[in-house]
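The values are calculated or read from the model by the stated rules, or taken from the named source; none is laboratory data. For clarity, every value in this text was computed on a predicted model and none was experimentally measured. A quick note on method: Cβ atoms are made from the backbone with ideal geometry, for glycine too, and the neighbour counts reach across all protein chains shown. Side chains are part of the model used for accessible areas, which takes the heavy atoms of the whole protein and leaves out ligands, DNA and RNA. Shrake-Rupley method; radii C 1.70, N 1.55, O 1.52, S 1.80 Å.
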2 protein chains.
Amino acid sequence: MDFVRPELIPDPTVRRLSLYLRQLEQLQKNAQLTVNSKQLGGSLGLTDAQVRKDLAYFGTFGHPGVGYNVLELISRIKRILGTDKAWNVVLVGVGYLGKALLSYAGFAAKGMQLVAAFDSDPEKVGQVLSGHEVLPMTHIAEIINRHECRLAILTVPADVAQDVATDLVHAGIRGILNFSPTSLTVPPTVAVQAVDVALQLEQLTFQVSLNSMTRSGVRHP
Amino acid sequence: MDFVRPELIPDPTVRRLSLYLRQLEQLQKNAQLTVNSKQLGGSLGLTDAQVRKDLAYFGTFGHPGVGYNVLELISRIKRILGTDKAWNVVLVGVGYLGKALLSYAGFAAKGMQLVAAFDSDPEKVGQVLSGHEVLPMTHIAEIINRHECRLAILTVPADVAQDVATDLVHAGIRGILNFSPTSLTVPPTVAVQAVDVALQLEQLTFQVSLNSMTRSGVRHP
């Protein structure tokens with residue numbers, strides 16, 4: 001079977017895999033055994049053609065006349081997304097947001113084991129937050145190495161984010177979930193996902209402005 | 001001048017407008033007066049053709065042989081995104097994440113005025129956090145009406161998110177930044193931006209898995 005080269009798979013397709021997975025897990029909870037592409041797409045506002053096209057990047061799925069086996073499709077999407085295995089994760093920067101994330105149950109649900117939290121503030125080092133002791137920054141490389149961590153969550157202030165990211169990459173981190181409001185320069189072998197609240201706010205004000213103009217008949221922009 | 005119908009503008013284009021804006025604001029800080037599409041795109045890993053195509057959705061920009069005037073382009077992109085004016089915002093759900101967001105400086109920078117925070121927990125009501133008093137849920141409609149709020153930030157648990165969202169929409173909210181890990185059903189006149197950490201984690205593990213397989217020569221999936 002010949003697959004598309006993975007690096008050619010469009011980002012929106014990979015994003016939709018996450019949405020399909022969430023939908024499928026809901027169906028699993030409801031004890032539904034099979035689903036067709038029309039049902040799967042419909043609940044997400046997508047056509048059945050889009051669903052089939054997205055999945056076709058990754059091989060052959062489903063059974064003609066029956067649809068997809070829910071459990072099988074969950075298992076295959078998890079394998080594609082890499083969440084079928086456990087990942088050890090470190091968190092750097094224990095401010096308000098870091099604290100919120102330390103108590104976030106969603107990580108464990110995605111196979112993430114948060115092994116340590118770090119901060120440069122001596123007042124915070126030694127505190128235990130949601131079961132995690134805050135360690136000094138000087139321990140980062142040792143902990144990453146010992147636990148073979150490949151993922152890091154970055155919640156430090158913008159002005160130190162690049163330096164911390166560089167240290168993380170040197171220590172062996174290969175993926176960074178970046179909450180710091182700045183872009184990071186990393187080698188091409190390292191992936192960065194930016195959680196950018198300001199950007200999402202702008203997307204929201206764009207949509208709201210658009211809707212109000214469409215309703216009132218005003219031309220945009 | 002004839003513009004593309006706004007609802008036909010692709011989401012990735014609108015996302016890139018935010019990235020251009022951030023880049024332009026950096027240039028402004030550095031006192032750079034003009035920029036061409038090649039420079040603007042280059043710093044973001046985009047081609048000059050992509051930059052010109054994105055901007056062309058919104059009219060004519062730039063001056064042949066000179067490029068774009070930085071200040072003018074900042075001003076026009078802000079107008080397009082709707083961040084050239086002030087927005088009154090409410091936040092609902094004062095858990096760890098709500099507290100982190102109440103202290104987030106990025107809202108003010110995007111013209112957001114956080115007018116109130118709400119929680120259903122009587123223990124939290126009356127607390128003052130980052131200068132905002134936490135109000136009981138029963139005050140939501142009155143406050144939204146009084147301050148003409150159109151945007152809401154939703155940081156409540158998933159199991160109550162839909163009910164709260166419905167109340168917000170009834171009270172006049174037209175855009176929701178949704179941090180609750182569940183999808184919301186709202187009328188088509190209401191915009192929702194989901195900040196979905198679990199989804200972004202999956203995108204990250206996908207990329208990291210991909211990179212490690214590409215390096216080791218293993219076929220994907």
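One table, with the values for the structure above:
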{"item": "Shielding by partners - mean other protein chain Cβ count within 10 Å, residues of B:10-22", "result": "4"}
{"item": "Centroid-to-centroid separation of region B:98-142 and region A:94-157 [C-alpha atoms, Å]", "result": "27 Å"}
{"item": "Cut-off under 5 Å, modelled amide H: who pairs with A:Ala194 long-range", "result": "A:Asn178"}
{"item": "Accessible surface, chain A, averaged per residue in Å² (probe 1.4 Å)", "result": "49 Å²"}
{"item": "Long-range amide H partners of A:Leu129 with built H, under 5 Å", "result": "A:Val134"}
{"item": "Ascending list, in nanometres, of distances separating the B:Pro122 label from those of the other copies (7 Å, Cα toward Cβ)", "result": "4.4"}
{"item": "Carbon + sulfur, % of accessible area of chain B - ligands and nucleic acids excluded, 1.4 Å", "result": "52 percent"}
{"item": "Nitroxide proxy distance, nm - points 7 Å out along Cα→Cβ at A:His139 and A:Lys38", "result": "5.8 nm"}
{"item": "Mean separation of Cα contacts under 8 Å, 6 or more apart, over the residue count of region A:6-81: relative contact order %", "result": "35 percent"}
{"item": "Whole-angstrom Cα spans of region B:6-79 along principal axes, big to small", "result": "35, 23, 23"}
{"item": "Packing-based order for A:81-91, A:112-122, using average beta carbon neighbours within 10 Å, highest first", "result": "A:81-91, A:112-122"}
{"item": "Label geometry 7 Å along the beta-carbon vector: A:Ala158 inter-copy distances in nm", "result": "3.2"}
{"item": "Value at 222 nm in deg cm²/dmol, rounded to 500, when DSSP H runs of n ≥ 4 in chain B each add -39,500 (n - 2.57)", "result": "-13500 deg cm²/dmol"}
{"item": "Residue of chain B nearest the B-to-A rotation axis [by Cβ], rounded angstrom distance", "result": "B:Ala100, 2"}
{"item": "Gyration tensor verdict on region A:91-193 (Cα atoms; rounded if a/c is under 1.5, prolate if a/b is larger than b/c, oblate otherwise)", "result": "rounded"}
{"item": "Summed buried accessible area for A+B [probe radius 1.4 Å, Å², rounded to 100]", "result": "6100 Å²"}
{"item": "Placed amide H near B:Gln113: partners under 5 Å, 5+ positions off or other chain", "result": "B:Trp87, B:Asn88, B:Val89"}
{"item": "Shortest-first nm distances, B:Ala56 label point to equivalent points in other copies (7 Å, Cα→Cβ)", "result": "2.8"}
{"item": "Average other protein chain Cβ within 10 Å of Cβ, residues B:92-101", "result": "4"}
{"item": "Selected from B:Ile140, B:Ile80, B:Ile173 as most flexible by GNM, with chain B as the system and alpha-carbon contacts under 10 Å", "result": "B:Ile80"}
{"item": "Table column - 3J(HN,Hα) (Hz), region B:77-94, Karplus curve with 6.51, -1.76, 1.60, x for Gly and Pro", "result": "5, 4, 5, 4, 6, x, 9, 7, 10, 7, 10, 8, 10, 10, 10, 10, x, 9"}
{"item": "Gaussian network model of chain B, springs between alpha carbon atoms under 10 Å - residue of B:Asn145, B:Asn30, B:Asn178 with greatest fluctuation", "result": "B:Asn30"}
